[in-house]
Structures are given as structure tokens and as C-alpha cells.
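Please read the structure below before turning to the comments.
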Amino acid sequence: MSETLAEGGASSTPYPTRNFGKQSQTGRQTAHRPSRRGGPRPGDEDALAVFNDVVGKEHPGEAHPESDGIALSAWELTAKINELRHLKAPAAQRLQTFETDIWPRIREMGTPLPRHVYMAAGQLLKGLCEALQRTNGLNGPVGPLLFAIYDSLGKYDLAVRTGIILNSCLAIARERDASARQAMCHDLVTMWQSVSQMTRPTQRGMPPQWALPDSDHVSELLRDARSGPPGSRNNTNAAVSAILNQFPASEARKAVPGLLATLAICADHRLVSNDVLRELAPLLDLSRLALLQCSMDDAFVDQALNTKSVDLVGRRRPQLERLLHQGWPRIVKLLGDPKIWHEGRVPTANNKNSHNPARESVSSLAHIHKQARSALATDNTGAIVSIWRKLRASQEASESRSSEMRDDGEFMDFWHFVWCAQRRPDLLRETQDVMNSIGLRPTIKTYTAMMHGWKLSRDAGKIDAMWDMLIASSVRLDTHSWTERISGLIELGQVQKGIDTLGDMMERWKKASSSSHFHGPATADDLEGHDLTAPPAAVQPTIQVVNAAFKPLMRKDKQTAYAVLKWAGQEGIKPDVLTYNILLRECFRDAGTGDDVQELLKSMKDEGIEPDAATFTILLDEVLGNLGQASPAEQVAAIDQIMADIKAADVTPNLETYGKMLHAVASLPSGSAAAAIESVLGHMRSTGHRQISPHMALILVSRHLKDPHPSSTGIRALLQHHGFATVQSGDQRLWEHVMSAYAGLGDTASAMGLYHDLKRHGRPVTRLFSLRDLLVALIEKEEWEDARLVVDNALTELAGETDVRDRGWRHHFWHSAYRYGLFDWDTAPAGVKRVVDEQRFLADVQERR
């Protein structure tokens with residue numbers, strides 16, 4: 001395994017071929033680092049490594065203070081900051097380097113800092129913030145980190161802090177993973193606590209905590225404002241400066257957009273948990289007191305957006321405006337009911353005219369997108385077409401819908417992908433017509449989405465035609481389009497053509513980079529909204545492109561796969577963590593020894609590549625999958641070792657990682673997994689995850705059902721122990737499975753109680769497998785009234801559905817309902833009638849035979 005990433009000389013082959021691969025004496029040659037004489041100049045990662053080496057290395061004769069840091073003079077430190085500022089490396093990596101190698105030395109200096117250090121650090125951070133914003137990186141834990149750095153510098157510019165908060169709010173609004181979204185929400189709380197502490201002498205050096213004035217003081221400030229000049233009652237500056245009273249009104253005004261965006265997030269029950277609302281309660285209490293004094297209209301929002309702090313949002317300003325304007329009714333409702341954040345309740349509609357979050361959720365593009373993805377994942381073509389038809393109807397009926405679609409080009413790219421994957425050229429043409437009608441032009445992202453769809457439907461001819469069109473029309477290509485083309489060829493069996501295309505990409509890059517007119521590679525920012533008639537730009541092959549070829553090749557022709565990786569190394573393309581993950585999984589698939597795995601991990605370390613969560617997931621799958629015959633003590637020891645390895649690699653496990661671990665140990669034989677399960681949960685709690693995810697709760701419920709004597713009481717106790725006491729916690733999937741479990745255990749009272757509870761909260765049970773389990777249990781216990789109620793409600797939910805494919809009329813649930821006379825044949829939907837008639841006809845034919 002050691003030669004897997006061995007060094008090699010310059011390549012005489014312009015690109016790899018299958019014949020070239022077959023000349024290799026070993027099947028395990030991969031990326032080779034170019035020699036210093038013939039290879040390319042060091043890239044961004046090399047530059048960062050050199051910088052880290054220079055900053056972190058101890059030099060002879062340097063003074064060593066009692067702390068472990070190096071006593072650099074202020075001018076030396078300024079030089080290092082400026083060197084990092086001009087370094088050609090990703091912003092996230094430069095921020096990490098600043099955090100580990102420079103920030104500790106700044107803190108040692110204390111405040112006030114020498115002016116040149118202060119100015120250099122401020123310019124570096126300003127550039128990093130702008131670069132992170134362009135790549136969607138200015139959110140999550142980066143925000144609190146930047147706040148802490150700015151505090152240590154003594155920079156108290158509210159505009160920058162508010163810009164970071166705005167980016168975090170936009171990231172929360174578009175994040176689909178619930179656990180990741182809640183982590184971002186907790187980071188948002190931390191940032192607001194930091195804002196409340198700014199410039200307050202008593203808070204200097206304190207950890208993030210609330211340092212807001214009391215409500216009486218805020219009320220007094222607001223009364224003073226109202227007694228001022230006419231119109232001051234509606235003055236946003238006065239309202240917010242009453243909350244952030246450590247700032248003058250002109251400075252506090254910069255925080256308004258961030259405050260409104262935070263309120264918009266809090267007002268949407270789909271985005272925040274009750275825990276987050278309770279954490280934000282001090283800020284929400286004062287916001288209610290202050291902002292209800294202002295004119296609550298669109299002009300208020302427009303005034304708030306007219307501040308310097310919005311500049312850091314960049315091209316995402318339209319999304320921010322939509323978040324505030326569309327969320328304004330919810331903000332007003334939120335501020336009018338403090339019980340929402342004190343008691344952890346979510347506002348609900350009590351009449352047809354009131355604001356209905358559920359109705360709004362169903363109509364949003366994000367919800368439609370989610371529905372379509374779910375239908376696509378289950379290959380439910382009928383449901384996908386139905387969703388599209390409803391979208392078209394809403395678009396034709398409302399100009400605002402067209403405006404939403406116009407502002408979300410990626411949503412329309414998704415539909416291009418769907419119809420290509422589903423082989424529906426008629427609907428593909430309709431989608432293109434819709435784009436034209438709303439004023440959207442296709443981009444390279446649109447064409448790439450189409451090629452991806454055709455790859456899934458295995459339509460190589462269409463991909464070839466699209467690629468030829470792109471080349472002939474001189475469309476500006478990007479890394480993703482090249483990647484899709486190369487991986488598509490290889491996955492659809494045209495291996496050599498795929499390798500040739502990879503070589504063609506390299507040749508085009510070399511030719512362009514040697515031209516006197518070359519201005520550098522195309523970047524993602526260059527391509528955003530780019531006119532497709534512009535001259536094409538060559539794209540530099542990256543390890544991402546190589547990985548896209550390497551992964552499918554490993555399944556089709558390993559010798560050629562290793563040859564491609566070797567060629568990439570000779571061209572100066574270094575492997576990354578994904579490359580190693582592919583090799584690691586292949587090592588296990590080939591029944592490699594423990595030494596092979598350790599050698600591969602050692603190669604990663606030697607290359608300076610940090611393992612990621614996927615690396616440890618691969619190890620978890622292998623190690624935990626072989627613990628069936630181990631004793632409980634051995635299982636716990638294995639889990640402890642894996643967690644120690646993860647910690648040593650400085651990787652923070654997320655709930656998904658713990659979920660995989662929990663699933664693995666919960667699948668162990670009955671009687672031997674209890675200690676292993678508790679060990680996983682203990683490690684999870686020790687890393688700050690206070691509550692398990694609904695998916696993990698479902699794993700534990702499924703495990704309980706395998707016990708010798710499962711019970712609904714045991715399930716209920718288990719859920720309450722882990723924080724799932726009511727249906728308001730947890731997701732629909734969890735509770736529908738729990739209802740099925742109750743029914744399977746014969747506890748129809750608990751099952752029907754949960755059924756009614758979900759319906760009361762506007763979340764009726766719709767999964768037919770859950771309804772089937774409930775119905776079977778009710779029939780067995782001859783509880784006919786409840787059985788008819790369940791069937792009637794299901795028929796009401798599905799009223800109007802006539803397509804058999806759409807909603808599973810063929811499901812066993814309907815046959816059971818018909819067999820026991822639980823619905824009225826005359827009023828039953830046509831879909832279920834058709835299916836039952838088919839079954840009766842087949843039964844008659846079988847009987848005659």
C-alpha cells in the first residue's frame with residue numbers, strides 16, 4: 001500500500017489510456033508528486049503549508065516566553081499578517097491559520113494593540129469576510145469565531161457583525177438538514193450575546209452571555225424618544241438603541257437588519273426549535289417592547305435595509321429582502337405573543353383568516369422542491385408530474401410565483417434535471433418555455449443539470465449531443481460541466497472516451513495558460529449569471545474532476561483507475577480526502593489487512609490530508625459491523641478507540657456520524673448491545689449534543705421492539721427519556737413509526753391516541769404502511785368504529801386522487817378496508833374502485849381455473 005501514493009517523475013504521456021494503465025507492474029499506483037525540476041509551481045495548498053511552516057516553526061536564537069507561543073515583535077507579527085493576507089489560498093484555510101498561529105499572539109499582546117498590527121489584522125479580516133461571503137462560508141461556527149477575534153482586536157464595528165449575522169440567517173433559511181440548522185441557530189444566539197456585551201467594560205474577557213438592559217430602562221429610553229421631535233416615535237434608531245444602549249443611535253441603527261432577519265427566522269416554526277426560542281428570550285422580550293413602538297409596515301423594512309451592514313450580504317440582498325418582506329406578518333404576530341418563546345409554543349391559526357404557517361409552508365418553493373425530491377427518490381413519476389402541474393397552475397395564477405421562480409434559477413435547473421432523468425422530453429420543453437416566459441436564461445448550470453439527468457437515465461446519445469453543442473457554441477465551461485461529462489462517459493461504459501476527455505481538458509488548459517491572452521481560470525464567481533455567448537475559458541483540471549473519473553473506474557477497471565491517479569500526480573494534481581476515502585473503502589472491499597488500512601491512513605498523514613467525517617464513517621461501518629461476536633466490554637472498547645481516533649484527527653462528529661454508530665451497535669444481537677448503545681450516547685453528550693435526533697430515537701424504538709418483552713410503556717418511557725414527550729418534538733416519520741409500533745404490540749388505545757394527537761396538530765398520518773398497521777390492529781380487536789374513522793379520514797385526505805400510481809391505491813390498506821366493508825362503495829374514489837375491480841376480476845378468473 002505504501003506505493004499507492006509514491007512519488008514519480010514527469011509524465012511523457014499527455015493523458016492516461018487503458019493501455020498505459022496495463023503496463024503498470026502494480027495495481028496500486030496512484031497520485032505522484034511532481035519532481036521539483038519538471039513539475040508545476042506549488043499551488044495554493046503548498047503555499048499555505050509553507051506559510052504554516054514559517055509561522056509555526058521555532059528558529060534558533062528566538063526567545064521563548066513562559067507560554068508556548070513565539071515572542072514575535074509587533075512588526076514581525078504585522079509582516080506575518082500581511083503575508084497571510086496576500087497568500088493565494090482559500091479563505092477558510094487562511095482563517096484557520098490566523099486562528100491557530102496569529103490570534104494567540106495577538107491575545108498575548110493585550111489591548112490596545114499597536115496601530116500597525118490593528119490595521120493589518122483588520123484589513124485581513126475584512127478580506128476574509130468578503131471572500132467567505134462569496135462562497136457561502138460566512139455562517140455556522142465561523143460567525144462566533146470572527147466575533148471573538150474582533151473582540152480581541154478591540155474592533156467594535158456593528159456593521160461587520162450585523163453582516164455576519166445576516167449571512168447566518170440566510171444560511172439558516174436555506175439549510176434543509178434539521179440538525180445542521182439548529183446548530184446554526186445556536187451559533188446565532190452566541191453572536192447576539194456577543195453583540196450585547198460589546199463595549200461594556202464589565203463584560204470584557206467574559207464568555208458569551210446576555211448583557212442587555214432591563215425592560216424598565218428600555219421603556220424609559222423609549223418614553224424619552226417619544227417626547228422628542230415629531231415622528232421620533234417611529235424612529236427605528238431610537239427603538240434599537242434602547243436595546244443596545246451602549247451604542248449611540250446612529251451606530252445602533254446598523255444592527256437593525258440583523259435583528260429583523262433574526263426575528264424572521266424565529267417567527268418561522270419550521271426553522272427554529274423551542275430551545276432556541278427560549279435562549280433568545282431576553283432579546284425577544286426587548287425587541288417586542290421596542291419594535292412595537294415603530295410603524296410596522298413595508299417602509300419600516302425598506303428603511304432598515306438602507307444601512308451599510310447590508311453590504312456584506314452581496315448578491316444575496318434579494319433573498320434578504322424576500323426574507324424580511326415575506327416574513328413580516330409572522331414577525332408582527334411573533335412579537336404580539338411572548339408566550340411563543342417563553343412557553344415554547346408555535347403560533348397556530350385559529351380561523352381561516354389568520355396566518356397559517358402550514359399553508360404557507362405547503363406553497364413555498366422550498367417545500368415544492370422538497371416534495372419533488374422525495375417523489376424522485378421513490379421514482380414516483382405520477383407524483384412528480386402532479387407537483388409540476390400544481391406549480392404551473394400557481395405560476396399562471398400569480399405573478400408573485402413567477403417572480404419567485406425568476407429569483408431562484410437553481411429551482412428551474414432542478415426541473416431540467418428531473419425531466420431528463422425521467423425521460424420526459426415533452427415536459428423538458430415545457431420547462432424551457434416557462435423559463436423563457438419569466439425572463440430566465442439557461443446557464444452552464446442548467447446544461448450540467450440536464451447532462452446529470454441523462455446520465456441517470458443512461459441516455460448517452462443526449463449527453464453527447466449536448467456536449468457537442470456546448471463545444472460548438474463556445475459556451476463558457478466550468479469544473480462541474482467537465483466533471484459531469486467525464487463521469488457520465490465512464491459510468492455509461494465509454495471508459496476510454498471518458499479518459500480521453502480528461503486528457504482533452506488538461507490539453508485545453510495547458511494551451512490556454514501558455515497563451516499571452518490568458519487571464520486565469522474561470523471561477524464560480526465568474527460564471528454566476530455569465531452571458532453564455534461570451535468567449536470560452538479553459539478550466540484547470542482539479543482533483544475533484546479526477547475523483548469523478550477515479551471512482552467509477554475503480555468499479556470497472558482498477559488497473560486503469562490507478563493509472564489515472566498516477567497520471568494526475570505527474571500533472572501536479574494532488575489527492576484529497578475524497579481520493580483516500582475511495583481507496584479506503586476499496587481496501588475494505590478487497591478484504592485488506594489492518595496493516596493496509598493503517599498504511600493508507602499513514603499516507604494521508606504524510607500528505608498533510610486530514611480525515612473527514614466520511615473517513616470515519618467508512619471505518620465505523622467496517623469496525624462496528626464486525627462486533628457481533630464481541631463481548632460488551634470489547635464493543636465499548638472498540639467504540640472508545642474509534643472516538644479517540646476521531647478526536648485525534650481533530651474532526652468533530654455530527655449527529656449523522658453518531659446516528660451511523662448507533663445504528664451499527666443497535667443491530668448487534670439482543671442482550672449484548674445495551675452497553676455499546678449507552679457508550680455511543682455518552683460520547684455524543686460529551687461533545688455537546690444535548691439531544692438525539694428523531695432518526696436516532698427511531699433506531700432506539702426499533703431496537704426496543706427486538707427485546708424479548710417489548711411494550712408500549714417501554715417505548716413511551718424511552719422517548720420521554722430522550723426528550724420526545726409530545727408530537728411537537730420529533731418529526732412525522734418518527735411518530736408514524738411509533739404509532740405503527742403501538743399497533744403492532746396490540747395497544748390500539750395508545751395508537752389511536754397518537755393518531756388523534758397528530759391530526760389535532762395539523763399533521764395527519766398519511767403513510768399507508770402506518771395506516772395499514774393501525775387498521776389491522778383495530779380489525780383484530782373488532783374496534784369497528786375506530787377502523788371506519790381511520791378509513792374515512794384516509795379517503796378524505798386522498799379525495800380527488802384518481803391516478804392509481806399517484807397515491808398507492810393498490811396498497812394492502814385499501815384491500816383490507818374493502819374486505820371488511822369499511823367504506824361506502826358508491827362514494828369511494830374512482831382509483832380505489834378500479835383497483836378493487838381488477839382484483840375481483842383476477843380472483844374470478846383464478847376461481848374458474
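Can you bin every Cα-Cα distance in the stretch 390-479 into 10 Å intervals starting at zero and give me the percent of pairs per bin, rounded to whole numbers? In whole percents, the pair-distance histogram is 17, 47, 28, 8. Taken one residue at a time, the phi angles of the stretch 540-556 give Karplus couplings (6.51, -1.76, 1.60, θ = phi - 60°) of 6, x, 10, 5, 5, 5, 4, 4, 5, 8, 5, 4, x, 5, 4, 8, 9 Hz. Gly and Pro are set to x. Placing dummy labels 7 Å off each Cα toward the beta-carbon, the span from Ser364 to Ala614 is 2.9 nm.
Other residues whose C-beta falls under 14 angstrom from the C-beta of Ile463 contribute a net charge of +1, scoring Lys and Arg +1 and Asp and Glu -1.
Taking square-rooted eigenvalues a ≥ b ≥ c of the alpha carbon gyration tensor, is the stretch 432-492 rounded, prolate or oblate, where a/c under 1.5 means rounded and, failing that, a/b exceeding b/c means prolate? Display every interim value, and only then the final one.
Values: a/c = 2.06, a/b = 1.54, b/c = 1.33.
Prolate, since a/c reaches 1.5 and a/b exceeds b/c.
Note down the relative contact order for the stretch 597-748 as a percent, whole number, built from C-alpha pairs under 8 angstrom at least six residues apart. Once normalised by length, the contact order is 19 percent.
So what's the net charge close to Gly314: Lys and Arg +1, Asp and Glu -1, counting the other residues with Cβ under 9 Å from its Cβ? List each step's numbers first, then the result.
Working: positive: Arg134, Arg315, Arg316, Arg317; negative: Glu130, Asp311.
Net of charged neighbours comes to +2.
Couplings 3J(HN,Hα) of the stretch 762-772, computed from phi: x, 10, x, 5, 10, 5, 5, 5, 5, 5, 4 Hz, in residue order, whole Hz [Karplus 6.51 cos²θ - 1.76 cosθ + 1.60, θ = phi - 60°; x for Gly and Pro].
FYI, it's all coordinate maths here, none of it is from the lab. None of the values given here were measured: they were computed from a predicted structure. Virtual Cβ from ideal backbone geometry, glycine too; neighbours counted across all protein chains shown.
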